[in-house]
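Everything on this sheet refers to the single structure shown next.
The values are calculated or read from the model by the stated rules, or taken from the named source; none is laboratory data. All of these numbers come straight from a predicted model, not from anything done at the bench. Every residue, glycine as well, gets a Cβ built from its backbone with ideal geometry; the counts of neighbours run over all protein chains shown. All accessible areas refer to the heavy atoms of the entire protein, side chains included, with ligands and DNA or RNA removed. Shrake-Rupley method; radii C 1.70, N 1.55, O 1.52, S 1.80 Å.
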Amino acid sequence: MARFLAGRCAILLATLLAASVLVFLVLQVLPGDPASIMLGTSARPDTLAAMHHQLGLDRPLWQRYPLWIAALLRGDFGVSYTYSVPVADLLRARIAISLPLALLAMALSVALAIPLGVFAAARRGHLSDTLVMGVAQLGVSVPNFWLGLLLVLLFSVKLGWLPAGGFAGPRSLLLPAVALALPQAAILARVTRSSVLETLGEDFVRTARAKGLSRAAALWRHAVPNALIPVITIMGLQFSFLLAGTIIIENVFNLPGLGRLIFQAIAQRDLIVVQDLVVLLAGSVIVVNFLVDLAYAALDPRLARA
Amino acid sequence: MKTMLQTVLASVLSAALLAPPAIAAQDTLSLGMVLEPPNLDPTAGAASAIREVTYANIFEGLTRIDAAGAVKPGLAQSWEISPDGLTYRFHLHAGVHFHDGAAFDCSVVQFSYARAVAPDSTNAQKGLFEPIARTDCPDPLTAVVTLKHQAANFLFDMGWGDAVMVSPGSAAGNKTHPIGTGPFRFVRWVQGDRVDLERFPGYWGTPAKLSAVSFRFIADPAAATAALLAGDLDAFSNFPAPETLPQLRADSRFTVAIGTTEGKTILALNDARKPFDDVRVRRALAYAIDRRALSAALFSGLAPPIGSHYTPADPDYVDLANIYPFDPARARQLLKEAGVAPGTRVTIALPPPPYARRSGEIIAAELQDVGLSVSLEPIEWAQWLDRVFKRSDFDMTIIAHTEARDLDIYARDHYYFNYQSPGYKSLYAQYLAALTPAAQKPLLVGLQRKLADDEPNVFLFALPKIGVWNANLHGLWRNDPIPANDVTSVYWGQ
């Protein structure tokens with residue numbers, strides 16, 4: 001297990017380093033000068049030069065990359081070009097919105113999808129199965145931003161129960177989390193159903209039934225735990241999609257989260273913020289994959305021994 | 001049925017989740033803006049959004065621009081101009097203090113103007129200060145500004161957000177914690193969400209009627225509409241969703257105010273590139289485009305067509321919008337005379353604002369109709385600045401020039417659309433040297449006519465200002481002579 005962990009950590013660091021080099025180089029190739037975005041169309045050349053100096057953009061590339069990485073290793077994320085405040089402060093405020101949003105959406109999605117998927121599998125071929133899977137098919141096809149707009153129209157504009165946008169406390173996260181969770185739940189429910197159906201046909205389930213277990217006990221004790229590996233895999237992938245999904249949903253709901261920050265930072269060429277954010281997001285995806293691997297090992301001891 | 005649904009849903013989402021909605025006291029304002037300011041120092045950044053939060057509310061200059069675009073006394077209560085137009089003697093208000101308690105006097109004027117032109121200055125409009133030779137302080141309440149040459153717009157220019165007064169003790173921190181002399185002081189900035197201001201009790205002039213103002217940033221047009229309809233916002237002074245205006249107009253809760261801006265929207269042409277170096281081609285393009293159809297499609301007809309680089313809101317405006325009426329046959333003939341073969345390929349670079357992207361589609365179809373082969377190229381703002389503006393690497397682009405009275409851009413030696421006209425330059429020099437409005441008038445008219453005649457760019461329309469606000473709210477600007485949300489005299493009535 002220790003070797004497994006050490007190996008994973010090495011991969012994590014190497015991937016982060018690769019991501020940092022990639023994003024740094026891509027941003028340099030991208031046309032656009034942060035100083036001219038800030039100073040606009042009337043700026044004079046000497047004003048632009050003064051701004052370049054202020055931002056440290058007058059240094060050559062080969063100096064800027066190591067400076068950035070060295071600062072990151074010290075825990076210093078730098079100062080945002082456009083906002084002129086430490087990037088760490090920006091990130092802290094934004095993570096406080098995006099992380100609860102992603103976790104809430106994930107929790108909602110799992111809480112809906114697994115019972116529904118198991119239920120549909122257990123009642124395979126019945127009307128209720130067809131109904132649940134029909135709704136799931138609809139859920140897979142509905143884009144989350146459109147769902148978000150509909151939710152706002154109903155709950156904010158018509159009923160006035162929840163804010164239409166912005167962040168006014170945890171209740172502001174409810175509608176966006178639902179908008180993010182429903183399409184994900186639909187996918188997850190379908191995966192759960194087919195995975196449970198597959199294990200229900202396995203010999204060990206028949207054996208369990210043969211030795212006298214009830215249908216429900218055989219389902220929950222034997223079929224479901226064995227069906228979880230593909231479900232966990234999809235959940236891991238979905239977490240990355242949730243991070244991407246927040247970019248759109250945060251714009252629809254006007255939430256000041258990480259998604260909107262990265263969107264703005266790219267448009268304004270706030271290079272340091274983009275660099276930090278990409279490394280952070282890459283890091284979190286890697287960590288989630290790592291957790292998924294650990295979950296595999298817990299669910300199926302054969303994988304940890306291998 | 002609807003009530004039943006509501007009851008069922010209400011009981012499902014029980015009160016535990018839903019705190020009662022806060023009821024806004026009637027002396028605060030929550031105002032929506034599309035773009036968030038990158039910082040809050042109008043002397044260190046070009047973004048209009050900086051001015052839309054801080055101008056007149058937090059920061060003041062010696063002069064100020066009012067809702068009608070006129071120059072009014074600001075921190076200077078009056079001034080005298082020497083007969084040669086080179087010396088401006090400003091009499092400053094007494095007893096003015098910055099929000100941190102620092103006193104305002106002539107030394108602050110000296111500091112602010114010197115800071116704007118310093119070598120390490122990041123003032124986006126450094127050019128405004130270029131005429132200033134020096135600032136003297138015969139006594140603390142008198143500032144004498146001496147110019148190197150006459151500058152017809154000097155008092156107007158000193159009313160811009162870029163020329164506001166900043167204190168030596170706090171100027172460095174203004175980007176994140178602005179400290180000015182205005183009737184509102186800064187409270188907090190939640191990046192990505194809002195900026196909060198409150199009434200400054202120590203204000204030298206007429207105190208603000210509102211006790212607090214919150215500027216909220218909502219970029220998505222659908223989200224902006226929802227926030228207004230749900231009552232989260234009291235006002236949106238530059239509303240981004242013109243297509244929902246009929247709905248808002250029909251709703252008695254709202255006032256819909258259509259005003260003017262300085263946004264001269266043009267199809268900019270690269271005059272140094274063939275075939276746009278030929279005036280016949282440029283005129284042909286002007287005949288080929290139906291400005292009224294553009295205005296109808298984009299702004300339900302609320303955007304006035306223009307025929308020169310000047311808007312109906314500017315002083316001494318001449319209506320030249322019909323000098324090239326929509327006439328595709330005439331356009332084809334002119335193109336033929338100029339030797340432009342049918343099927344000639346041209347590209348229109350489109351920056352992100354919706355007015356550019358949407359007019360691009362229509363203009364492309366109209367230019368195809370007169371025989372050009374048009375491709376549209378949507379580009380990011382950063383790319384536009386780099387490729388089109390800085391390197392002049394483009395055929396055509398659609399852009400709104402929002403600076404007020406910027407006829408000078410056609411007199412520059414280097415500017416992205418590469419218009420070079422000695423006739424225009426000499427006319428502009430005469431205008432700069434004219435000191436009285438009466439002397440300026442014929443020159444301003446002449447400049448407008450010269451541009452309409454040469455048609456260096458195809459002038460399309462002036463962007464309208466679409467304001468939507470609570471019907472009980474009064475005192476917001478209907479027009480945008482400069483980018484600002486001056487809320488100093490806003491109040492709630494019945």
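Numbers below:
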| read-out | value |
| --- | --- |
| Considering only chain B, percent of DSSP beta bridges that pair antiparallel, nearest 5 | 75 |
| The range B:123-280 shape via C-alpha gyration tensor axes, a/c threshold 1.5 | oblate |
| Phi-based couplings in Hz for the range B:231-241 (Karplus 6.51, -1.76, 1.60; Gly and Pro marked x) | x, 5, 10, 8, 7, 9, 7, 10, 6, x, 10 |
| Whole-angstrom Cα spans of the range A:2-73 along principal axes, big to small | 60, 20, 17 |
| Separation between Cα centres of the range A:144-222 and the range A:71-93, rounded to whole Å | 37 |
| Amide H partners (placed H, <5 Å) of residue A:85, local residues excluded | A:80 |
| Chain B, helix-only ellipticity at 222 nm - DSSP H runs n ≥ 4, -39,500 (n - 2.57), divided by all residues, nearest 500 | -7500 deg cm²/dmol |
| Candidates A:178, A:29, A:110, ranked by Gaussian network fluctuation over chain A, Cα under 10 Å, top entry | A:29 |
| Partners for residue B:72 among lysines (Cα-Cα distance below 27 Å; same-chain residues under 8 apart left out) | B:126, B:148, B:175, B:209, B:264, B:441, B:465 |
| Inter-probe distance in nm under a simple model that places probes 7 Å from Cα toward Cβ, at residue B:381 and residue A:207 | 6.5 |
| Reciprocal of mean inverse Cα separation for the range B:227-365 (Kirkwood radius, Å) | 17.4 |
| Per-q log10 I(q)/I(0), the range B:261-464, q = 0.15 Å⁻¹ (Debye; single scatterer per alpha-carbon; no solvent) | -0.91 |
| Under-5 Å amide H pairs with residue B:33, H placed in peptide plane, nonlocal only | B:216, B:217, B:218 |
| Computed Kirkwood radius, in angstrom, where 1/r is averaged over Cα pairs of chain B | 24.5 |
| Pairs of Cα atoms farther than 50 Å apart, the protein assembly as shown, % | 26 |
| For the range A:1-156, alpha-carbon Rg and Dmax in angstrom | 24.4, 75 |
| Given charges at beta-carbon only (K, R positive; D, E negative), |dipole| of chain A in Debye | 1000 |
| For chain B, accessible area per residue (1.4 Å probe, heavy atoms of protein chains only), Å² | 39 |
| Cα gyration tensor shape for the range B:59-171, rounded if a/c is under 1.5, else prolate or oblate | rounded |
| Net lengthening on full extension, residue B:277/residue B:251 (0.36 nm per residue, minus Cα-Cα) | 4.3 nm |
| Whole-angstrom gap from the range B:438-494 to the range B:363-395, using each part's C-alpha centre | 27 |
| DSSP beta bridge pairing in the protein assembly as shown, given as percent antiparallel to the nearest 5 | 75 |
| With Cα atoms, 0 to 90° folded angle of helix A:45-55 axis to chain A main axis | 50 |
| Residue-averaged 222 nm ellipticity for chain A, from DSSP H runs of 4+ at -39500 (n - 2.57), nearest 500 | -24500 deg cm²/dmol |
| Distance (nanometres) between label positions extended 7 Å along Cα→Cβ at residue A:49 and residue A:107 | 5.7 |
| The range A:189-306 - percent of accessible surface contributed by carbon and sulfur, probe 1.4 Å | 66 |
| Amide H within-cut-off set for residue B:347, under 5 Å, with H built and near neighbours excluded | B:375, B:395, B:396 |
| FRET efficiency for residue A:63 and residue B:130, using Cβ-Cβ distance with R0 set to 35 Å, rounded to 0.05 | 0.55 |
| Calculated FRET value between residue B:426 and residue B:149, using beta carbons and R₀ = 25 Å, to 0.05 | 0.95 |
| Carbon plus sulfur fraction of accessible area for the range B:384-494, probe 1.4 Å, in percent | 52 |
| Surface share of carbon and sulfur [accessible, 1.4 angstrom probe, percent] for the range A:1-141 | 73 |
| Residue-level accessible surface for residue B:200, protein heavy atoms, 1.4 Å, Å² | 20 |
| ³J(HN,Hα) computed for each position of the range B:274-280 - Karplus, 6.51 cos²θ - 1.76 cosθ + 1.60, integer Hz, glycine/proline x | 5, x, 6, 6, 9, 4, 5 |
| Å² per residue, accessible surface of the range A:1-64 at 1.4 Å | 58 |
| Theoretical FRET efficiency, 1/(1+(r/R0)^6), r = Cβ-Cβ of residue A:8 and residue A:130, R0 45 Å, to 0.05 | 0.60 |
| The range A:94-301: C-alpha gyration tensor shape, a/c 1.5 cut-off, then a/b vs b/c | oblate |
| 3J(HN,Hα) from dihedral phi, the range B:176-183, Karplus parametrisation 6.51/-1.76/1.60, rounded to Hz, x for glycine, proline | 10, 9, x, 10, x, 10, x, x |
| Gap separating the Cα centres of the range B:181-251 and the range B:279-302, nearest whole Å | 34 |
